[in-house]
Amino acid sequence: NFWSLNLGGNFAGSTLDDRLTRGGPLARSPGSTSLNVIVGSDTRKPLAFTAGWSGSWDSFDGGRNFAPTVSMTVRPKSNVLLSIAPTLRRQRASHQYVETEVDPSASATFGSRYVFASLDQTTFSADTRINWTFTPTLSLEVFAQPFVSAGRYARFGELERPSTSRYAVYGETRGTISATTDSVTIDPDGAQGAPSFAIENPDFNIRSLRGNAVLRWEYRPGSALFVVWQQQRSGSTSFGDFDFERDVSAIFRQPLTNVFLVKLTYWLGL
């Protein structure tokens, strides 16, 4: 019946990672298990779809990542194709790098404190395409991708020792922490004498829209005229929470950049 079904999985063991601390000492990265499933209908039909789900879990740190996806393709005529593929991703990173704070008293990690935090992030995007062939020599392609992502950081802490996955959480197992709307102030060891430091609030809300339209006219065999319009809208705030209506509607209030291009090719022929 020309339907399809794909199942997949992967297991990765724990490893020593030379990038987790962004140039600092080695740290142990947790292993992970992932699963995915995708089912698709007959792509020859005027209406076709695929639906899928993927997920992954850390082996011991509590991180997880889930992403349901749906895509639909419509062919109202043989020369017209419309498709949309929305994706919603929920992700929790148990230890997301935040910054490095130089502190000579942090002898266990060679004079710097490597600050991490848990990160809860929600991301939505929707790839949308229209392909329209007016004649064999004239066609239009349009693409648009609205994108919003929100992330909130919590349970700030630091790597305790190199080559491990042990983290000391400020305010729970070590030191104190206080937060305001704009910053987070950390005393890494309480009354032991290490200097306090502040970091800018890392919570984020990112909104963007990428779009382009390409009109192609082959005015003679081998020679073509391309007219291109590109638009980019992007902006960010630091609410940290995901609100679909608020964040998606805010895309169209972001600063925009328009680019127009014209390309002409001519086949000389010999």
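The values are calculated or read from the model by the stated rules, or taken from the named source; none is laboratory data. The shown structure was predicted, so the numbers you read here are calculated from the model rather than taken from an experiment. Because the Cβ atoms are built from the backbone with ideal geometry, glycine has one as well, and the counts that use them run over all protein chains shown. For the accessible areas, the whole protein counts, side chains as well, though only heavy atoms, and no ligand, DNA or RNA atoms are used. Shrake-Rupley method; radii C 1.70, N 1.55, O 1.52, S 1.80 Å.
With 228, 259 as the choices, which residue is over 30 Å from residue 97 (Cα atoms), in contact with a Leu (Cβ under 6 Å, 6 or more places away or on another chain) and either open to solvent by less than 60 Å² (accessible area, probe 1.4 Å) or assigned to a helix (DSSP H, G or I) (or both)?
Exactly one residue qualifies, and that residue is 228.
Mind listing whichever residues of the stretch 40-63 are open to solvent by less than 80 Å² (accessible area, probe 1.4 Å) and part of a loop (DSSP other than H, G, I, E, B)?
Of everything in the stretch 40-63, those that are open to solvent by less than 80 Å² (accessible area, probe 1.4 Å) and part of a loop (DSSP other than H, G, I, E, B) turn out to be 41, 42, 59, 61, 62, 63.
With 236, 208 as the choices, which residue is in a strand (DSSP E or B), open to solvent by 70 Å² or more (accessible area, probe 1.4 Å) and touching a residue at least 24 places away in the same chain (Cβ under 8 Å)?
Every option except 236 fails the conditions.
Cβ-Cβ below 8 Å, separation at least six or inter-chain, first residue in the stretch 155-168 and on the phi > 0 side of the Ramachandran plot and touching a residue at least 60 places away in the same chain (Cβ under 8 Å), second assigned to a strand (DSSP E or B) and open to solvent by 40 Å² or more (accessible area, probe 1.4 Å): which pairs?
Within 8 Å, the pairs are 163/16; 163/28.
Residues being surrounded by fewer than 14 Cβ atoms within 10 Å (Cβ to Cβ) and under 16 Å from residue 145 (Cβ atoms): count how many of those fall in the stretch 245-255.
Adding up the residues that qualify gives 1.
Take the residues of the stretch 109-135 that are more than 18 Å from residue 22 (Cβ to Cβ) and in contact (Cβ under 8 Å) with a residue 60 or more places away in the chain: which is most open to solvent (accessible area, probe 1.4 Å)?
Taking the stretch 109-135 as the starting set, the residues that turn out to be more than 18 Å from residue 22 (Cβ to Cβ) are 120-135.
From what is left, the residues that are in contact (Cβ under 8 Å) with a residue 60 or more places away in the chain are 122, 124.
Numbers: 122: 16, 124: 37 Å².
Residue satisfying both the conditions and the ranking: 124.
So in the stretch 71-108, with the set limited to residues that are touching a residue at least 60 places away in the same chain (Cβ under 8 Å) and assigned to a strand (DSSP E or B), which one is surrounded by the most Cβ atoms within 10 Å (Cβ to Cβ)?
95
In the stretch 4-39, what count of residues is obtained for those that are open to solvent by 60 Å² or more (accessible area, probe 1.4 Å) and within 15 Å of residue 94 (Cβ to Cβ)?
The total comes to 1.
Within the stretch 211-225, track down each residue that is open to solvent by less than 70 Å² (accessible area, probe 1.4 Å), of a type outside the set (A, V, I, L, M, F, W, C) and either assigned to a strand (DSSP E or B) or closer than 30 Å to residue 117 by Cβ (or both).
Residues satisfying the conditions are 211, 212, 218, 223.
Just checking, does the stretch 50-62 include any residue being touching a residue at least 60 places away in the same chain (Cβ under 8 Å) and touching a strand residue (DSSP E or B) at 6+ places or on another chain (Cβ under 6 Å)?
For the stretch 50-62, residues touching a residue at least 60 places away in the same chain (Cβ under 8 Å) and touching a strand residue (DSSP E or B) at 6+ places or on another chain (Cβ under 6 Å): present.
Would you mind telling me which numbered condition in (1) assigned to a strand (DSSP E or B); (2) of a type in the set (Gly, Ala, Ser); (3) farther than 15 Å from residue 113 by Cβ; (4) open to solvent by 50 Å² or more (accessible area, probe 1.4 Å) residue 191 fails?
With (1) assigned to a strand (DSSP E or B); (2) of a type in the set (Gly, Ala, Ser); (3) farther than 15 Å from residue 113 by Cβ; (4) open to solvent by 50 Å² or more (accessible area, probe 1.4 Å) applied to residue 191, the lone miss is (1).
Which one is nearest to residue 121 (Cα to Cα), of the residues in the stretch 143-177 that are open to solvent by 50 Å² or more (accessible area, probe 1.4 Å) and either in contact with a Lys or Arg (Cβ under 8 Å, 6 or more places away or on another chain) or among the aromatic types (Phe, Trp, Tyr) (or both)?
Across the stretch 143-177, the extreme among qualifying residues is 147.
Please name all residue pairs, on different chains or six or more residues apart, with Cβ atoms under 9 Å, provided the first residue is in the stretch 248-270 and is touching a residue at least 12 places away in the same chain (Cβ under 8 Å) and the second residue is part of a loop (DSSP other than H, G, I, E, B).
265/222; 266/222; 267/221; 267/222; 269/221; 269/222
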